[in-house]
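First up is the structure itself, then whatever we jot down about it.
The values are calculated or read from the model by the stated rules, or taken from the named source; none is laboratory data. Because the structure is a prediction, the values reported are computed rather than measured. Cβ placement follows ideal geometry from the backbone for every residue including glycine, while neighbour counts extend to all protein chains displayed.
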4 protein chains.
Amino acid sequence: MNDAARPALRAGVVGLGMMGRNHVRVWDEMVPGVELVAMADPDPAALQRAGSGRRARGYAEPERMLAEEKLDLVSIVTPTGLHLPVTVAALRAGANVLVEKPIAATREEAEAMIAAAADAGRMLTVGHIERFNPAVRELRRRLDAGELGRIFQVHATRLGPLPARIRDVGVVVDLAPHDLDVMRYLVGSEPIRIYAETERRIHTEHEDLFNGIMKFANGVIGILDINWLTPTKRRTLTVTGERGMYVADYLAQDLVFYANPEAAETWQNRGADGFGAPITSVAEGEMTRRPIRREEPLAVELTAFAEAVRDGGPPPVEPHDAMVALLLARKMVESALSGQVVDGAALAEALT
Amino acid sequence: MNDAARPALRAGVVGLGMMGRNHVRVWDEMVPGVELVAMADPDPAALQRAGSGRRARGYAEPERMLAEEKLDLVSIVTPTGLHLPVTVAALRAGANVLVEKPIAATREEAEAMIAAAADAGRMLTVGHIERFNPAVRELRRRLDAGELGRIFQVHATRLGPLPARIRDVGVVVDLAPHDLDVMRYLVGSEPIRIYAETERRIHTEHEDLFNGIMKFANGVIGILDINWLTPTKRRTLTVTGERGMYVADYLAQDLVFYANPEAAETWQNRGADGFGAPITSVAEGEMTRRPIRREEPLAVELTAFAEAVRDGGPPPVEPHDAMVALLLARKMVESALSGQVVDGAALAEALT
Amino acid sequence: MNDAARPALRAGVVGLGMMGRNHVRVWDEMVPGVELVAMADPDPAALQRAGSGRRARGYAEPERMLAEEKLDLVSIVTPTGLHLPVTVAALRAGANVLVEKPIAATREEAEAMIAAAADAGRMLTVGHIERFNPAVRELRRRLDAGELGRIFQVHATRLGPLPARIRDVGVVVDLAPHDLDVMRYLVGSEPIRIYAETERRIHTEHEDLFNGIMKFANGVIGILDINWLTPTKRRTLTVTGERGMYVADYLAQDLVFYANPEAAETWQNRGADGFGAPITSVAEGEMTRRPIRREEPLAVELTAFAEAVRDGGPPPVEPHDAMVALLLARKMVESALSGQVVDGAALAEALT
Amino acid sequence: MNDAARPALRAGVVGLGMMGRNHVRVWDEMVPGVELVAMADPDPAALQRAGSGRRARGYAEPERMLAEEKLDLVSIVTPTGLHLPVTVAALRAGANVLVEKPIAATREEAEAMIAAAADAGRMLTVGHIERFNPAVRELRRRLDAGELGRIFQVHATRLGPLPARIRDVGVVVDLAPHDLDVMRYLVGSEPIRIYAETERRIHTEHEDLFNGIMKFANGVIGILDINWLTPTKRRTLTVTGERGMYVADYLAQDLVFYANPEAAETWQNRGADGFGAPITSVAEGEMTRRPIRREEPLAVELTAFAEAVRDGGPPPVEPHDAMVALLLARKMVESALSGQVVDGAALAEALT
């Protein structure tokens, strides 16, 4: 789609697996002011499949695409091991880059990518898509507006069956960065102490069950419950605070608020609490489902990226935050393998 | 109620606060083969209130009641500090005793009560009522029948607002023993490592927010999420295993089973996963709500107690289990205060 | 229970089947200022069962009980055929009477009972218990406060399996009076036109499936969906009006309000409505669960009865309303059997 | 997408409003063996918007498109008043046609379209998309497999706010044909008697609230609850029968089965039914959510259309069924306006 008043930004996608094809679809159909002009993948079948019915040109190699197309925006959706070289190539070709999570495989690679963006004077951001889930954005607005008062606990649940796609890392590194990033984003404080347990139950090589506890500097407790062993998909974030509790459902794009009951009121329930005994209990409060405009998170994310590039504004997700999310996930694995708490300097190094 | 073929067992209740009045009601109306003949409480108003409309005789002092009534069964529902003396008195008077949780305030008191029962040749059991929730009993049956296969994780949630009754301990010692007991009961293994975080947010003296992680000897991970800060009541137990996942809801007395999807099947969902992208995902499995005969857990518990006494069978809840649940809760508090894992001998001493 | 400042009202219960035993329990334990002094049933086992553990005296015959006890309040919970003679006897003995629904078997009987109450200068009310469900009372409060604005439609659902108790009438006469009464109570207008369909599927003699439509004088449409063929119990009342929709759940004692969306706002959902197409839709509004103090409806009903007698106030449920509910149910059956609408004078005669 | 073994069928779309753009997207991206080659709309902006990023050619007039393109499959998504002329033109040009519902505005137009298809020897089908909702297809499979036994009642709910798009007919003619069609499709019998009530509450010209009852020849009762006045979207179909009850949710693409309880078993619930009274009730049965592969109904529908054309098979939806659904909706309006039942010959003429 094109806004005639301003020339469209030119976008390209590298890597046309399942996620890459999503980027192609969203750039091509859903981001105002951007034109998808090119895509690259070494596999001709993938190129054919993603490009079918679309005007964008296909390339076997990203370098040729970058040379011939003069792109403003590039989505990098390659295997993690290629994030560094492809990102650097795109930045040097003058493009702004959104690289899919995880930003890289190691701290060193991530730092090299961040440096390359600074050198090229271009934006680098990372596809931490859960920040763009409408339920999370609405939650953030309401927390900022003080609706919960002080936060006590944040509880992230990310459960489901073993995905069909090949996983070359365990569930912690694969999935926990989503929730670690969202937690830092909402809590506004750094963790000072973490502990985790993991198990390998079904997967042949990596852990597939993870539970973690974090204590943040401002007192908030963060809980993570993440695995590939649950028959049904469940992705929720529960934030409990002074004035009540919010439950965000990523899948339903739903946000429900449970208000605290009136503090001073106790109810004499005669015979009403299940089994006939009169009791005195604290009254329950209201439960409200906030209306949320449902949107496709990837469309929100790519639109935010395009707008940030256009406005010269900061990256929607700072690459440093993405690196921290990855390193914290690694610390969780460390804690689980050692059976020890990770805190102090050993934890702090993941935050720098 | 009375079964003419066998003489009714004679029951009494000591302590006529809210929970004591429940014991009175249940003994008096709902347990076959038992007659409630007496109750004791120093407060005449409490005595009057509990006894109104009932045939049972009232006493200001339990000792007089025990002397005059020749009881078979006694419920002890006094403040925790009186559990030891009243239990010992009742056992010596020849009664079998069900004492409300927590069994006692300290290990020494609990051990003295257990010894007194052995000396008197009478049964001592503890009111760990959650074992008698129909959803938990049904869950136990199905786990024993191998329906889940091997258990991976047990996740207990016990949330709600600050209760109106006076709490002279924190939320961990007050509530966690319920879930620690049910977990040991279902998992059939001992914890080898635990870690906890707590916070004191609203309560003036004790912690009101608790999260704990446990690793059991057989590899199961146990998670506890318990607080007095949540506007709505939620009490659930989720057990994830080889063949699927069970979710028991204590309040609804509900048990739902999520079967694993067919392992080998992947679905080509064209455009069906939320936002238009064709994806390959693992099929979801069936979700089944098992029908459960709803019952009042206290009635199930007191009936089980009476039947065990009649049949000379073992106590429905071994007092040693109740002691372990209390001591494990204490270890959780210890871990939270120290910011350290508790394992090895330091943990094992809670289990002996 | 007794309030020492005023002498307790003396209550008795005639008919000690399952519902009668509920009346006994509630009078005896849950209504302030009332003392249950007597109960009557020809069956000694029923007398024994209901009276076990209670102070109230038992009688084989209601006439003897009325003669010897000087009662202020009598619950009549006998088979419908005995409602007339027992009610008249109780009224003549100086008691105020609450008779269980249906008020009687025929209009003539109902009218005779109403006349006897007038002659005796005593109150006659009918056990239309659903009016006392806390969700219905809260709904009535909010409708009266204008929260819905003008009512458009009222939809009553009353579904479940075939009950074990003996039914000597069909599902329409057995259950529809509940909802017909609540609808008239909430809508504040009379029906001018009704139509129904019924079927007899499982029951050997009477209809067990019923659907009805009513048009009220003020334009409201009433819908009834009632049967004994549904595997699960569902009892809800949905009221749709100018400002939104209320859903009351009798079983959960729950009231949920769906606010209308902001009228002028349309949302441009890009790719968010299920399958990838950008659409314009009307925004949804908030959904709020109102906190309701849960109570036992029978306790609320008997307390309201006792208070009305004490205060000389009107009956909580006017016996004429109960008679109308019964006659409207009969008209529904008539419509179904004839395959015709019932309106005009043929309908109006049920309302007088 | 193209299957190299067989030449792709060539598809075109006439009418590029919101629904037309859905047809464009689905033909272009989601139907195997079909190539979207052309689209037509008099509005250049609509043409531009639908065609952006796609290879298909755009035309201002359908006649030119039909002349120049040699199409096998045409979706007609124009205003209802143009269904007849455009359908006839497409059939005469040798294309097979899927026309969106309603098939036409009048019986005469529908009959003319059906005749034109016969004359041209081409297929005409109608976009009764709800038949292709995966929950409905799964429900049909299970009903055909006898899982419910004999059907007693079918209850369709189709509620929501006033849509933003212009409606030139009332809610009955706009929405009821969906459910009338699905009911005939599932029940396998014709209605012999119908009755309806409608109201016009918010809409300036047409009715926006509708309730209908139908009696089918085989005894099934059909209920319809459809309006534009509900703040939240609800689209469900409940089928109650001999062996239990199915609830299909169109929006969630969900199918839940409630099994009948074991007939002979009654449960003695001691104190478990809400408020302390022991009761005897019929046991509840199991509730099972069947796993359903979620799909976009429009994709399922257009794929079924393409396959039927390829295989020479019958139309997925017979145009005569679509005509009957429309005429039955008209009869419902008639009944509501007259306050009379419609049966006998007056109803039968809608079925021929």
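Please go through segment B:19-45 and give me each residue that is among the aliphatic types (A, V, I, L, M) and surrounded by fewer than 18 Cβ atoms within 10 Å (Cβ to Cβ), ordered by number. Walk me through it before giving the result.
Restricting attention to segment B:19-45, the residues satisfying the condition of being among the aliphatic types (A, V, I, L, M) are B:19, B:24, B:26, B:30-31, B:34, B:36-40, B:45.
If the condition is that a residue be among the aliphatic types (A, V, I, L, M) and surrounded by fewer than 18 Cβ atoms within 10 Å (Cβ to Cβ), then B:A45 is the only one that fits.
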| request: Say whether the condition of being surrounded by fewer than 24 Cβ atoms within 10 Å (Cβ to Cβ), touching a helix residue (DSSP H, G or I) at 6+ places or on another chain (Cβ under 8 Å) and of a type in the set (V, I, T) is met by at least one residue in segment B:87-101. | output: yes
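Among the listed residues C:V86, C:V74, C:V99, which satisfies the condition of being closer than 30 Å to C:I223 by Cβ and at pLDDT 95 or above?
Details: C:V86 fails: closer than 30 Å to C:I223 by Cβ; C:V74 fails: closer than 30 Å to C:I223 by Cβ.
Answer to the check: C:V99.
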| Looking at segment A:235-251, which of the residues that are surrounded by fewer than 23 Cβ atoms within 10 Å (Cβ to Cβ) and within 10 Å of chain B (Cβ to nearest Cβ) is modelled with the lowest pLDDT? | A:L251
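Residue under question is C:A105, and the condition is that it be surrounded by 17 or more Cβ atoms within 10 Å (Cβ to Cβ), at pLDDT below 95, of a type in the set (G, A, S) and outside any strand (DSSP E or B); does it hold?
yes
Being surrounded by fewer than 21 Cβ atoms within 10 Å (Cβ to Cβ) and farther than 25 Å from B:I202 by Cα is true for just one of A:V169, A:V182, A:V173. Which residue is that? First the steps, then the outcome.
Working: A:V182 fails: surrounded by fewer than 21 Cβ atoms within 10 Å (Cβ to Cβ); A:V173 fails: surrounded by fewer than 21 Cβ atoms within 10 Å (Cβ to Cβ).
Exactly one residue qualifies, and that residue is A:V169.
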| remark: Note on A:A40: of the conditions (1) at pLDDT below 95; (2) away from chain D (no Cβ under 14 Å), unmet is (1)
| request: Could you tell me which residue of segment B:7-18 is farthest from B:E61 (Cα to Cα), considering only residues that are under 22 Å from the mean Cα position of the chain (by Cα) and surrounded by fewer than 19 Cβ atoms within 10 Å (Cβ to Cβ)? | output: B:M18
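Kindly establish whether C:A38 is of a type outside the set (D, E) and more than 22 Å from C:A308 (Cβ to Cβ).
Values: of a type outside the set (D, E): yes; more than 22 Å from C:A308 (Cβ to Cβ): no.
So C:A38 fails the test.
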| If A:I192 passes every condition in (1) buried (at least 22 other Cβ atoms within 10 Å of the Cβ); (2) touching a Lys or Arg at 6+ places or on another chain (Cβ under 7 Å); (3) of a type in the set (A, V, I, L, M, F, W, C) but one, which one does it miss? | (1)
| query | Just one of B:E197, B:E147 is of a type in the set (D, E), touching a residue at least 60 places away in the same chain (Cβ under 8 Å) and under 22 Å from B:V342 (Cα atoms); which is it? | reply | B:E197
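Among the listed residues B:V247, B:V182, B:V239, which satisfies the condition of being more than 22 Å from B:A346 (Cβ to Cβ) and without any contact (Cβ under 8 Å) to a residue 12 or more places away in the chain?
On the way: B:V182 fails: without any contact (Cβ under 8 Å) to a residue 12 or more places away in the chain; B:V239 fails: without any contact (Cβ under 8 Å) to a residue 12 or more places away in the chain.
Result: B:V247 is the single residue among B:V247, B:V182, B:V239 that is more than 22 Å from B:A346 (Cβ to Cβ) and without any contact (Cβ under 8 Å) to a residue 12 or more places away in the chain.
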| Do we have any residue at all in segment B:99-113 that's under 19 Å from B:A306 (Cα atoms), basic (K, R) and free of Cβ contacts under 8 Å to residues at least 60 places away in the same chain? | no
| message | Return the residues of segment B:178-201 that are under 30 Å from C:R289 (Cα atoms) and facing chain A (nearest Cβ under 8 Å); say none if nothing qualifies. | response | B:E199, B:R201
| field | Single residue of D:G160, D:G188 found to be under 29 Å from C:E262 (Cα atoms) and at pLDDT below 95 | value | D:G160
| When B:H206 is evaluated against the numbered criteria (1) crowded, with 20+ Cβ neighbours inside 10 Å; (2) more than 10 Å from chain A (Cβ to nearest Cβ); (3) not hydroxyl-bearing (S, T, Y), which criterion, by number, is the only one it fails? | (1)
| field | Residues (under 26 Å from A:P291 (Cβ atoms) and more than 8 Å from every other protein chain (Cβ to nearest Cβ)) located in segment D:211-234 | value | D:I226, D:W228, D:R234
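Every residue, every condition in (1) closer than 26 Å to C:L148 by Cβ; (2) over 15 Å from the mean Cα position of the chain (by Cα); (3) in a helix (DSSP H, G or I), yes or no:
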site	(1), (2), (3)
D:G146	no, yes, no
D:V154	no, yes, no
D:R167	yes, yes, no
D:L175	yes, no, yes
D:I202	yes, yes, no
D:I213	yes, yes, no
D:I223	yes, yes, no
D:T238	yes, yes, no
D:Y246	no, yes, no
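Of D:T78, D:T87, D:T125, which residue is polar (S, T, N, Q), part of a helix (DSSP H, G or I), under 21 Å from D:D181 (Cβ atoms) and under 22 Å from the mean Cα position of the chain (by Cα)? Spell out the reasoning first.
On the way: D:T78 fails: part of a helix (DSSP H, G or I); D:T125 fails: part of a helix (DSSP H, G or I).
The match here is D:T87.
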| Residue match in segment C:47-56 (condition: surrounded by fewer than 24 Cβ atoms within 10 Å (Cβ to Cβ) and in contact (Cβ under 8 Å) with a residue 60 or more places away in the chain) | no
| said: Going residue by residue through segment C:269-290, is there one that turns out to be at pLDDT 80 or above and closer than 25 Å to C:H128 by Cα? | reply: yes
| field | Residues that are surrounded by 15 or more Cβ atoms within 10 Å (Cβ to Cβ), free of Cβ contacts under 8 Å to residues at least 24 places away in the same chain and among the charged types (D, E, K, R), drawn from segment B:308-352 | value | B:E334
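Table: residues versus (1) more than 14 Å from chain B (Cβ to nearest Cβ); (2) out of contact with any strand residue (DSSP E or B) (no Cβ under 6 Å at 6 or more places or on another chain); (3) more than 24 Å from C:A112 (Cα to Cα).
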residue	(1), (2), (3)
C:G17	yes, yes, yes
C:G20	yes, no, no
C:V24	no, no, yes
C:W27	no, no, yes
C:A46	no, yes, yes
C:R54	no, yes, yes
C:Y59	yes, no, yes
C:E63	yes, yes, no
C:T87	yes, no, no
